[in-house]
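Everything on this sheet refers to the single structure shown next.
The values are calculated or read from the model by the stated rules, or taken from the named source; none is laboratory data. Note that this is a predicted model, so its numbers are computed, not measured. All Cβ positions, even for glycine, are placed from backbone atoms using ideal geometry, and neighbour counts span all protein chains on display.
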C-alpha cells in the first residue's frame, strides 16, 4: 500500500509540474556542433527546451515513435539516442557502431534499425528498451564489408537498404525479428549513395553515384527484381563537379510528378511518377540539395550547395517555374513543413538560427536561436512511410 501511495504521489507531482499537452505540433532541431537537440513546437513557433549529451550530430537524422512521444536520433558516431519529448529528457543512449548514417523505424513501431558505415551493416533494436535484436552484416563470403546507405522502412514491416561498395539492395523482412529474412538484389548499379521510398510505399528508388541512372525495386512485385530507370540521371559523360550530394529523401512528389535535384547541374528535373520518364527541367539558381514539396503538392522548395547555400527558391507546380527567390542567410541546410504546409521552418547553420515563413505570403513569422542547426524534424513524420 505504501508503494502504491508513493507512486500515486509521484504521478500527481509530475502532473502538477508538467501541464498536460499533446505531441502533434512538436519537433526537434539538431544542434550539430553542440551534440544537442532543441525541442520546439510549431503552433506558436517557440522553443520549449533542449536535451544535451547526444554525441556527434554532424550528419544526424531522426524518426518518431508511433504515439509521437519519443524521438530516436541517429548520430554519426554510431550513437542511437531515445528522447522523451514531453519530459524533455534522454531516456537511453547506446553507441552501437563506429560510424553511422541514419536509420528507420518499422511499420508497427516495434523495431529501430540503424545503417552503419563501420562496421558495414544494419543493426536492429527494440524500440522500447534499445536492447539489440538483430545484426545484419553487409558482408560477402570473403569477409569484406560494405557501407550501408538509404535505409528505409517499407510496408509489410520490412526494412530496405543499399550497399554502397557492392552495388546491391537488400530487403529485410521482420517476421522473425531475431533472424530477419534477407532478399539480396545484386548488380543494381555502381555506388548507390542514397534512396527513398515513394509516398505510397510502392517503390524503393536508389540513386547511383558511380554511373548514371536510378535503381528501382517495385515493393509490390519484389520477385521481378530491380530495374533501371532514368538512365541519363547523374553527372553525365562530362562528370560534372558535385559540391554537395543531393539528399534523395528530399525528392518531392506532387500528384503523379516527382521533382528531382539534378546532380552537379543547376536544374530540378520533373519526372512522371509512374513511368519514371523525364517530362521537363526547371532552371534554378544553383546545384539543388533538398527539393521538397509542400504537403498539398502546389509548391516545391529548393535549397542549394555552395556557393549558393544562402538561398532558397520556390517552384509553383502549376506554372512549372520559379516564382520566389529568398536569401535568408548563410548555410541553409534543411527545410521542414508543418503538417498541413502553411509554414516552413528553415535552418541557417552559419548564422545560428532557425527561421519560420508563411508559405503563401513568404512573410517571416519567427526567428529562433540555435547552435549550428541542421536537421529539423516534426512529429507528423511518425505517420509517413519512408520517413
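Considering 188, 160, 124, which residue is outside any strand (DSSP E or B), touching a strand residue (DSSP E or B) at 6+ places or on another chain (Cβ under 6 Å) and at pLDDT 95 or above? Full working, then the answer.
On the way: 160 fails: outside any strand (DSSP E or B); 124 fails: outside any strand (DSSP E or B).
Result: 188 is the single residue among 188, 160, 124 that is outside any strand (DSSP E or B), touching a strand residue (DSSP E or B) at 6+ places or on another chain (Cβ under 6 Å) and at pLDDT 95 or above.
Would you pick out the residues in region 87-117 that are in contact (Cβ under 8 Å) with a residue 40 or more places away in the chain and either touching a helix residue (DSSP H, G or I) at 6+ places or on another chain (Cβ under 7 Å) or not in a strand (DSSP E or B) (or both)? Lay out the reasoning, then the answer.
Of region 87-117, the ones in contact (Cβ under 8 Å) with a residue 40 or more places away in the chain are 87-88, 93, 95, 101-115.
Of everything in region 87-117, those that are in contact (Cβ under 8 Å) with a residue 40 or more places away in the chain and either touching a helix residue (DSSP H, G or I) at 6+ places or on another chain (Cβ under 7 Å) or not in a strand (DSSP E or B) (or both) turn out to be 87, 88, 106, 107, 108, 109, 110.
Give me the pairs: first residue in region 358-387 and touching a residue at least 12 places away in the same chain (Cβ under 8 Å), second residue in a helix (DSSP H, G or I) and buried (at least 21 other Cβ atoms within 10 Å of the Cβ), beta-carbon distance under 7 Å, and six or more apart or on different chains, which are they?
372/349; 373/349; 374/349
Quick grid of which residues meet (1) surrounded by 10 or more Cβ atoms within 10 Å (Cβ to Cβ); (2) closer than 30 Å to residue 355 by Cα; (3) within 20 Å of the chain's Cα centre (by Cα); (4) at pLDDT below 95:
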position	(1), (2), (3), (4)
5	no, no, no, yes
9	yes, no, no, yes
16	no, no, no, yes
19	no, yes, no, yes
27	yes, yes, yes, no
30	yes, yes, yes, no
35	yes, yes, yes, no
38	yes, yes, yes, no
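Spot the failing condition for residue 359; the list is (1) surrounded by 19 or more Cβ atoms within 10 Å (Cβ to Cβ); (2) under 30 Å from residue 155 (Cα atoms); (3) out of contact with any helix residue (DSSP H, G or I) (no Cβ under 8 Å at 6 or more places or on another chain), and only one is missed.
(2)
Which numbered condition trips up residue 299, out of (1) in contact with a strand residue (DSSP E or B) (Cβ under 6 Å, 6 or more places away or on another chain); (2) surrounded by fewer than 19 Cβ atoms within 10 Å (Cβ to Cβ); (3) farther than 21 Å from residue 189 by Cα; (4) in contact (Cβ under 8 Å) with a residue 24 or more places away in the chain?
(2) is the only condition that residue 299 fails.
Exactly one of (1) under 30 Å from residue 20 (Cα atoms); (2) assigned to a strand (DSSP E or B) is unmet by residue 171. Its number?
That leaves (1) as the condition not met.
Scan region 191-219 residue by residue and report those that are assigned to a loop (DSSP other than H, G, I, E, B) and free of Cβ contacts under 8 Å to residues at least 60 places away in the same chain. Explain how you work it out, then say what you get.
Filtering region 191-219 down to residues assigned to a loop (DSSP other than H, G, I, E, B) leaves 191, 198-202, 209-213, 219.
Matches in region 191-219: 191, 202, 209, 210, 211, 212, 213.
Could you tell me whether any residue of region 142-165 is over 19 Å from the mean Cα position of the chain (by Cα) and crowded, with 23+ Cβ neighbours inside 10 Å? Step through it out loud before you land on a result.
So the first thing to find is which residues in region 142-165 are over 19 Å from the mean Cα position of the chain (by Cα), and the list is 142-146, 156, 165.
Okay, now just the ones that are also crowded, with 23+ Cβ neighbours inside 10 Å, so none.
Among the residues of region 142-165, not one is over 19 Å from the mean Cα position of the chain (by Cα) and crowded, with 23+ Cβ neighbours inside 10 Å, which makes the answer no.
Looking only at residues in region 274-317 that are under 20 Å from the mean Cα position of the chain (by Cα) and part of a loop (DSSP other than H, G, I, E, B), which one is farthest from residue 205 (Cα to Cα)?
Restricting attention to region 274-317, the residues satisfying the condition of being under 20 Å from the mean Cα position of the chain (by Cα) are 287-297, 299-305, 309, 312.
If we keep only those that are part of a loop (DSSP other than H, G, I, E, B) as well, we get 287, 294-297, 305, 309.
On the way: 287: 21, 294: 21, 295: 21, 296: 22, 297: 20, 305: 23, 309: 26 Å.
Checking each candidate, the answer is 309.
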